[in-house]
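Novice: Below is one structure. I have some questions about it.
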């Protein structure tokens, strides 16, 4: 929580101003009875109407002042708390963006979403509430206790005595509540997760008629959220009754001892009444406390969750920022793998082991192999989405870990296997690859990717809005759009991860023909021998091992597996033809 | 320093919300309709609360009791001062104090009970609301989801509902008791001096005016804030889902810029919502102070004239203060109430979306399905001016295997979507076993079909659970059997944990091809009458494909099946091939027949062969 306060520093003037305004308002409120007393004593009692007017006027002016201060404090408090949440949210998002991809994967997306929205909002609420209301409580409580002590030390001490247990109780309660709210926020993450899953998989759920199950699952997840919320709120809502009980016990004690003292003459009735009054006032102020306990403990839990993300190591990305663009020379596209082994953090199975190969700028490399043989993992090492456990990946002879990732990735056009489009127009989605691309360049890239004509037939052409996952396009159209997005970067290295699987043969052929014209090093993951046969280098993977490499003719000679793949596609067909 | 002091006042007001008269077009957010909206929103929230009417009555009872006890306490202290402290008094002092202790204890008890009961009620309400919203999502037509960002919908189920939740927890009771206290105080004031009461109330119209000014603005502002929060949520969800692309294209800066833009929007709407709604307690305070001044001033003059006594003025000032407190409380609660209403409105907005056109009344449950399918002159377009399918007619006999072939965007997937009734044909009809599918209950129809869709989706859960999704009552043995048929078992067993390995959302950690194998296993398990494979093996290597071919063939035996594929191997074994192009059915027939026809298919086939010959 304290860490969050550092975010308030930037808004300290507004925050202090808000508190100050509150103080002025409070002062006016407190002095009002005094003015009224003046009106009554000096005005009415003395039958002096001018005094009534005078103090009436003062009263009016001070009221106006209090109002103005109140309005101003509203501005200041809102400014400080929303400024804080804005900064916090941005810092958090920047942090998430700075994570290397493997660190990023450690956090579940739904959880990051709750942290960025709900959790930050909790912190913001606390700051806003504090600036507006929290000042009042301690002022009234401390003031009342002091006054009680001044009036009568012994009876006042009774009031003081209630403070330590009260304090202990509130601290204990808050600690416990923080832990429980932590759990509640996690439950919220889970609810978020189920919703996200259901939204992504909605078609599948519909066709398999699993709505009832999913609704049941959601019911269970949000049921847990309800249970835990009830549990923690039940606890925090007990604060107020408990405090009342304690303070009221104090009042009874004051009455009891007060009466004894009156009879011995060490206290007057007036003193006892005064102390009782101060106790009552304290109780009044403390009744806000239970509500503050809820707000405070909830936002503390949220602050911790935010802090967890902020404190996470960034992975390589941060280090990279330091080495800046020292390698300013353009990347030519020679890629070399030197005894590379790799595994994902989450699984203990080696995905790639001991891979070595060498390519030259402008070459076409086809990667082929069975499902799950490590093809996608291999190419993800090139833009350094992941790092090898052993060995090195070199681009133009330099270890990618030594290259500035932004320079490296700037030279790479990557088309992943999964459809990833963003909501926006067709043009925006293509130009996403390079922001400053002109319309001509966008169209050129679309033409190369064989999608230009299709776009032309859309209702709004390049300005057609796409849904988040490009729902209104066919699978093959989405793939070509993604290819256009990679091509517009004019990459030195182009990576196509099975990106033509949904294309019909003709379109695919035209596309590959187009790609041949480009001068970039091209990696193509494919299942089709037809795409490998003209490659400069074929890499044949099997269970994470590079079992053969070379040209088509060589592999036909040397590799049993390659021949089998060939057979599987050509054997019968060839016979038919 | 000065700049920092001025800064808060220079935040620009959200543009389209400025002034009530500016927006000339359809969006006439007239305050009156706004208020009606609110009352209907509140009524709907109430209808949820009313489900626990009994408990709610108990809470109300406790509120009344605790309010009474709260008044009794100070009264008893007065008695104590008068009778015991001043008078010296009798021996029943101890009993009196015990009585006081009982009152205090009862007070704590009743307020505790009202709190925890209210929490149970409100959390249950929230649960129901959330549940209903979620259930409703599953009734909405598929196009609804195409138009919206997932994160935006998520925000409604979480952020907006949480907003309602926090209000119900704390504010409901406060509002109850404030209203109660208010009524009590006004009654006493009226009894004491109707004239001064009237004077006190002179500020009420001002109050009403001020509140109107404020709520006119805060209503739309809170709504705007929740909307902006939804947009931000949508943006976050989308960029996090596409994080790999952002990394690979090093577009982090752009992602951050987009974020900043949305973050700023929410900052502004939030700033103004909080600031202006923050005026409420200030206004209340000022008006109260004003009523003090009026009482003191006019009361003073009256007193000088001898119309009333000074004592009455003093009492009245006290009561005016009493009158203020609950009003102040109410005003403070008003803020949270406003933002809760904004949240609730957004929730009900989704709930009011029309459901996937409900089944016709006469729609039937299917007892069994043979799998005869016919398309009769079916046309369909996603947007009206551009038909995706155009006059498609064909018939399929039960047990036939149909391959759909054609260039991308020819309408193959759309045809499947009509069959599964994600969409309904614009004209013409689709029949199953001779019955128009619109006369069959959707769920019933779908329960006889199994789909392997183009984008495979895996849930967070074990591999076993993911396969079992195909048929929930399948035994472990059946699940494994299906995995073996789909040739998925080798890779499953290679993973640590095997079938019990937990997969993430979207199944990251396993390859696309492996996902497809699992999806096929799922379809095998479903044991459907109609099987649809939409590019089901596109990411699977050909060697593995041959291995699962046998499994698939066994699966397709005796079932009607539709296969969309580009690989000729897959297609050639089909009983019939439908060639689609630009939404029209160009040719149909078996592989050999089509080759003889010398048409589009032959072209297609030849081009693939030519490539092979390379």
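What follows draws every value from the coordinates through simple rules; no lab data is involved. As the structure is a computational prediction, the values presented were derived from the model and not from experiment. Glycine gets a Cβ as well: all are built from the backbone with ideal geometry, and neighbour counts include every protein chain shown.
Novice: Cα-based Rg (one decimal) and Dmax (whole number) for chain B, in Å?
Specialist: 35.2, 121
Novice: Using Cα-only point scatterers and the Debye equation, what is log10 of I(q)/I(0) for the stretch A:2-312 at each q in 0.11, 0.15 Å⁻¹, rounded to two decimals?
Specialist: Result of the Debye calculation: -0.89, -1.23.
Novice: Which FRET efficiency value, to the nearest 0.05, is calculated for residue B:367 and residue A:553 with the Förster distance at 45 angstrom and r the Cβ-Cβ distance?
Specialist: The formula returns an efficiency of 0.15 here.
Novice: Order by neighbour count: A:463, A:182, fewest other Cβ atoms within 10 Å first, most last.
Specialist: Fewest-to-most ranking of A:463, A:182: A:463, A:182.
Novice: Take the Cβ-Cβ distance between residue B:477 and residue A:65 as r, set R0 to 56 Å, and report the resulting FRET efficiency rounded to the nearest 0.05.
Specialist: 0.10
Novice: At what distance in nm do the modelled label points of residue B:179 and residue A:179 sit from each other, each positioned 7 Å from its Cα along Cα→Cβ?
Specialist: Going from the residue B:179 label point to the residue A:179 one covers 4.0 nm.
Novice: Taking the simple approach of a point 7 Å from Cα along Cα-to-Cβ for both residue B:607 and residue A:460, what is their distance in nm?
Specialist: About 3.1 nm separates the two model spin labels.
Novice: Then there's this: When the scattering of the stretch B:205-279 is computed by the Debye formula from its Cα atoms alone, each counted once and equally, what is log10 I(q)/I(0) at q = 0.12, 0.15, 0.19, 0.28 Å⁻¹?
Specialist: At q = 0.12, 0.15, 0.19, 0.28 Å⁻¹ the computed log10 ratios are -0.46, -0.60, -0.77, -1.15.
Novice: If you don't mind, another one. Cα-based Rg (one decimal) and Dmax (whole number) for the stretch B:349-467, in Å?
Specialist: Final numbers for Rg and Dmax: 15.9, 45 Å.
Novice: Give me the one-decimal nm value for the distance between modelled label points at residue B:83 and residue A:339, 7 Å along each residue's Cα-to-Cβ direction.
Specialist: Going by the 7 Å Cα→Cβ label model, 9.7 nm.
Novice: Taking the Cα centroid of the stretch B:533-565 and of the stretch A:239-269, what is the distance between the two, rounded to the nearest whole Å?
Specialist: 85
Novice: Something else now. Just to compare against my own numbers: the Cα pair-distance distribution for the stretch A:72-202, 5 Å bins, whole % per bin, please.
Specialist: So the P(r) values, bin by bin, are 2, 8, 11, 13, 14, 13, 11, 9, 7, 5, 3, 2, 1, 0, 0.
Novice: First obtain the Kirkwood hydrodynamic radius of the protein assembly as shown from its Cα pairs, then insert it into the Stokes-Einstein equation at 10 °C and 1.306 mPa s, and state the resulting D in µm² per second as a whole number.
Specialist: 46
Novice: Let me ask something additional. Which whole-number percent gives the relative contact order of chain B, counting Cα pairs below 8 Å spaced six or more residues apart?
Specialist: Result for chain B is 13 percent.
Novice: Something else now. Rule-of-thumb check for the stretch B:52-351: C-alpha Rg over 2.2 N^0.38 Å?
Specialist: 1.36
Novice: Given a Förster distance of 35 Å, report the FRET efficiency between residue B:188 and residue A:231 from their Cβ-Cβ distance, rounded to the nearest 0.05.
Specialist: 0.30
Novice: Right, another one. Roughly how crowded by other chains is peptide A:228-236, in terms of the mean Cβ count from those chains within 10 Å of each of its Cβ atoms?
Specialist: Per residue, the number of nearby Cβ atoms from other chains is 5 on average.
Novice: Expressed as a whole percent, how much of the Cα-Cα distance distribution for the stretch B:119-214 exceeds 19 Å?
Specialist: 65
Novice: Express the Stokes-Einstein translational diffusion coefficient of the stretch B:472-614 in µm² s⁻¹, to the nearest whole number, given a Kirkwood radius over alpha-carbon pairs, 25 °C and a viscosity of 0.890 mPa s.
Specialist: For these conditions, the coefficient is 145 µm²/s.
Novice: Then there's this: With each run of n ≥ 4 DSSP H residues scored as -39500 (n - 2.57), what mean residue ellipticity at 222 nm is computed for chain A after dividing by its residue count and rounding to the nearest 500 deg cm²/dmol?
Specialist: -20000 deg cm²/dmol
Novice: Whole Å is fine, so just give me how far the alpha carbon centre of the stretch B:421-465 lies from that of the stretch A:484-511.
Specialist: 32
Novice: Return P(r) of the stretch A:400-518 (all Cα-Cα pairs; 10 Å bins starting at 0; whole %; ordered from short to long distances).
Specialist: Per 10 Å bin, starting at zero, the Cα-Cα P(r) for the stretch A:400-518 comes out as 14, 49, 30, 6, 1 percent.
Novice: Right, here's the next one. Just need the Rg to Rh number for the stretch A:329-575, please, alpha carbons only, Kirkwood Rh.
Specialist: 0.97
Novice: Using the Cα gyration tensor of the stretch A:169-229, with a ≥ b ≥ c the square roots of its eigenvalues, what is the shape: rounded (a/c below 1.5), prolate (a/b larger than b/c) or oblate (neither)?
Specialist: Since a/c reaches 1.5 and a/b is larger than b/c, the shape of the stretch A:169-229 is classed as prolate.
Novice: Next up: Rounding to the nearest 10 and keeping the result within 0 to 90°, find how far the Cα-based axis of helix B:476-485 lies from the longest principal axis of chain B.
Specialist: That works out to roughly 40 degrees.
Novice: While we're on this one: With the cut-off at 31 Å, report for chain A the share of all Cα pairs above it, as a whole percent.
Specialist: 67
Novice: Let me ask you something else. How far is the Cα center of the stretch B:487-504 from the Cα center of the stretch A:176-202, in Å?
Specialist: The distance from the Cα centre of the stretch B:487-504 to that of the stretch A:176-202 comes to 27 Å.
Novice: Counting other C-beta atoms within 10 Å, which of B:72, A:539, B:493 has the fewest, and how do the rest follow?
Specialist: Ascending Cβ contact count within 10 Å gives the list B:493, B:72, A:539.
Novice: With viscosity set to 0.890 mPa s and temperature to 25 °C, compute the Stokes-Einstein D of the stretch A:503-577, Rh being the Kirkwood radius across alpha carbon pairs; µm²/s, no decimals.
Specialist: My calculation gives 181 µm²/s for D.
Novice: Using alpha-carbon pairs under 8 Å, 6+ residues apart, how would you state the relative contact order of chain A in percent?
Specialist: Result for chain A is 13 percent.
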